[in-house]
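Values in this text are rule-based calculations from the coordinates and carry no lab data. As the structure is a computational prediction, the values presented were derived from the model and not from experiment. Methodologically, a virtual Cβ is constructed for each residue, glycine included, from the backbone with ideal geometry; neighbour enumeration extends over all protein chains shown.
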Number of protein chains: 2
Amino acid sequence: MTRWMSDPFSFQVLATDGCARAGEITTAHGLVRTPAFMPIGTAAAVKAVEAADVRASGADILLANTYHLMLRPGPERIAALGGLHRFMNWPLPILTDSGGFQVMSLSALRKIDERGVTFRSHLDGATYELSPERAIEIQNLLDADIVMQLDECLRLPAPRAEIERAALLSLRWAERCKRAFEGAKPGRALFGIVQGGDDPGLRLVSARALVDIGFPGYAIGGLAVGEPQEVMLKTIEETAPALPLDRPRYLMGVGTPEDLLEAVARGVDMFDCVLPTRNGRHGLAFTRFGPVNLKNARHADDPRPLDEASTCAAARDYSRAYLHHLVRSGEILGPMLLSRINLHYYQELMSGMRAAIAEKRFADFRAATRAAWSRGDIAEWA
Amino acid sequence: MTRWMSDPFSFQVLATDGCARAGEITTAHGLVRTPAFMPIGTAAAVKAVEAADVRASGADILLANTYHLMLRPGPERIAALGGLHRFMNWPLPILTDSGGFQVMSLSALRKIDERGVTFRSHLDGATYELSPERAIEIQNLLDADIVMQLDECLRLPAPRAEIERAALLSLRWAERCKRAFEGAKPGRALFGIVQGGDDPGLRLVSARALVDIGFPGYAIGGLAVGEPQEVMLKTIEETAPALPLDRPRYLMGVGTPEDLLEAVARGVDMFDCVLPTRNGRHGLAFTRFGPVNLKNARHADDPRPLDEASTCAAARDYSRAYLHHLVRSGEILGPMLLSRINLHYYQELMSGMRAAIAEKRFADFRAATRAAWSRGDIAEWA
């Protein structure tokens, strides 16, 4: 067990099946089995799910948002309290984003130039500056195991000139982040982020330049920002081959269960997304047979559990009628149970993919999983 | 274990110390150690706390609200789904109120006469009728272990004539409820409710008349409805002696930790109250050293747990700084942790009282508990 505290960050591909890979990331706070899904603990808390239950769902790592934590409670405060792991009682690996994405989506009056981003907090209007160097400093204060470079992420569609400008700026920031990250604690890793929007040529330029700079892992950023799924998948297909085989590939902010399945088929190793928890708060459950909207009146008298084969007790121990009642009544217990059920489903899917890749039956797993989703949930209940 | 399913309802006083009593109620769904505090599962869910965690806090029984459940999802539906225990995944005893109190406090356009109450739902304005017979029918459909008579509960202060009218009406309803309850499942019990406001004479009339009718347990209702604590305690002192020694006494809708301590000292065996969960949702924690308002900025950098001696892991595993952050950020995890911490504190208090009564040191326990509350929480942290 001492290797957890002393080994440097590393990634090992243990099995491949087509483009899909199964592997293991070693960090200062433990192992991450890949393909990995990272639940989101935006403000140092996974919404409506306790840390111990996030772990019990099968998650090896979670993601926290630099933007939110820099505004409240502040990275210096978290550092003084012993770092993010201790603060949120999550002793396992944590990845933090750089804050760039939320600056774009949440803050007001943002101004971007070569030095970095200036913006006003969505909480109180206070002005903040986020440079590549400060983004690294904040993530180190939080004591993240995996740190992300600051990048500029555009919504799609966007003009090509704009995509190019942002991609090149992100590359210059990648270099500055790498310099700023020198001397970070052992076992921590900084990932570069491929940008370039939906332009294959720019994606390749970005990927190759990042590989030249050299990172222990690479993210594909700027997707799932408004483009059709086929554009996203095509971009992954074109980008992944330009990334080193021996480094983890992280598709940021993605996605639906289908997105995950299709992206793993194209060589992606890591994901994060708010969908399981956000949808859980809105009454939507993910299951083996596709999504189930528990707001729907058809569940009101349904004594069946949501999924008797789920790894999540809440999906087995409560009837659909009860879950429906909780959602309709606005009981906090509804989001609590559904968010947990959804996190379990996402981890079951990842675990199923890892096993299938290890056993060289990923194509069958993918077909069977898609067939079960297509069958749908409603058919069973007359 | 078979006795749980076959024995009739019973109550046994195991120890007394002054007026305080420690005992055991046997129900069809298990034992209730008294003095007992019942967490509130208004709409078939304890707000922000899972059933298993309610149990882990030390609760033997919970209370559910007939008013809310009759409106949504409906008692016939819950009965068809196997009853309230199964519906909410709480296999232990449940007490239901009669709905009368919430009709008064929540519904619109209520009209009360000899037959019962007519009111409009606060949810959709639909008209409902609640008679003594229907109140019993609903509670039996829910499969409550302890069923409460329908009564009329007034806010205090109120004119004496009004208090008298409501108390006498409640007595007539008590007789009708008793008749309606004949033939209920074995092990279930119907409690009568003493009314009479802050008038000692009316309280005695009500208590004696109920004892004449004969119930397996008696509640003191119509308190904690606006009167000072001393009036409440005086009313308990005057009422309790009129109730049989061998029947449980239940003080409805009470109260603060101090209310509980003082009411047990005066011979009360059972309590229910929203305070631990409602205050938990509003950032207030109950501790051995009194209430702690976690919204307060003084906690922002405090690395100490809320109470390292708590039976609740959440009070030990998270810093005050983290709890403060959750409350300030509006994270659902805040209400989740604080509600659970508060339920644990209430059950610790009950468990402490039970042990003290059994060992004839209740006066010392009461003094030591009050002294710790008076000491306060802030002193430790400079």
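Key figures for this structure:
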read-out	value
Within region B:198-302, percent of DSSP bridges classed antiparallel, to nearest 5	45 percent
R0 of 41 Å, Cβ-Cβ distance B:Arg208-B:Asp124: FRET efficiency to nearest 0.05	0.45
Extension reserve of the A:Ala372-A:Asn293 stretch, reckoned as 0.36 nm per residue once the Cα distance is removed	26.8 nm
Bridge type composition, chain B - antiparallel percent by DSSP, nearest 5	55 percent
Chain B: relative contact order as a whole-number percent, Cα under 8 Å and 6+ apart	17 percent
Computed label-point distance, nm, for sites B:Ser351 and B:Arg172 using a 7 Å Cα→Cβ extension	4.8 nm
Residue order, fewest to most beta carbons within 10 Å, for A:Trp373, A:Trp90	A:Trp373, A:Trp90
Under 25 Å from the Cα of A:Lys47 - lysines, other chains or at least 8 residues apart	A:Lys295, B:Lys47, B:Lys295
Net +/- balance of residues flanking B:Leu81 in space, Cβ distance below 13 Å, scoring K and R +1, D and E -1	0
At 7 Å out from Cα toward Cβ: B:Glu114 inter-copy label distances (nm, ascending)	9.3
Ratio Rg/Rh [Cα only; Rh per Kirkwood] for region B:84-170	1.02
At 1.306 mPa s and 10 °C, Stokes diffusion of region B:1-145 via Kirkwood alpha-carbon radius, µm² per second	97 µm²/s
Rg(Cα)/(2.2 N^0.38 Å) for region B:233-382, N = residue count	1.13
Net charge of neighbours whose Cβ lies under 11 Å from the Cβ of B:Gly221, counting Lys and Arg as +1 and Asp and Glu as -1	-2
Set of lysines with alpha-carbon distance to B:Lys360 below 25 Å, sequence-local pairs under 8 removed	B:Lys234
Cβ-based net charge around B:Arg361, under 13 Å, with every Lys or Arg adding one and every Asp or Glu removing one	0
Relative pair counts by distance (%), Cα atoms of the protein assembly as shown, 10 Å bins	3, 13, 21, 21, 17, 12, 9, 4, 1, 0
Region A:99-170: trypsin sites (Lys or Arg not before Pro) falling in loop per DSSP and having at most 15 other Cβ within 10 Å	A:Arg115, A:Arg155
Three semi-axes of the equivalent ellipsoid, chain B, Cα gyration tensor, whole Å, largest first	33, 24, 21
Label point 7 Å beyond Cα along the C-beta direction, distances from B:Asn293 to other copies (nm, shortest first)	4.3
Model label zone, A:Asp317; criterion: amide N under 18 Å from point 7 Å along Cα-to-beta-carbon; scope region A:56-76	A:56-58
Proxy reagent accessibility, fewest Cβ within 10 Å first, across A:Leu190, B:Leu69	A:Leu190, B:Leu69
In range of the label at A:Val274: residues from region A:129-154 whose backbone nitrogen is under 18 Å from the point 7 Å along Cα→Cβ	A:153-154
Whole-Hz ³J(HN,Hα) from phi, Karplus 6.51 cos²θ - 1.76 cosθ + 1.60, for region B:174-179, glycine and proline x	4, 5, 5, 5, 4, 4
Over chain B: helical MRE at 222 nm, DSSP H runs n ≥ 4 each giving -39500 (n - 2.57), nearest 500	-12500 deg cm²/dmol
Peptide-level mean, for B:331-342, of C-beta atoms on other protein chains within 10 Å	4
Ratio of the Cα radius of gyration of region A:97-232 to 2.2 N^0.38 Å, where N counts its residues	1.02
Rel. contact order, % - alpha carbon contacts under 8 angstrom, at least six apart, region B:62-128	29 percent
Restricting region B:108-188 to GluC sites (Glu not before Pro) in coil, as DSSP defines it, with at most 10 other Cβ within 10 Å	B:Glu114, B:Glu182
Distances in nm from B:Ala80 to the matching label points in the other copies, shortest first (labels 7 Å along Cα to Cβ)	5.9
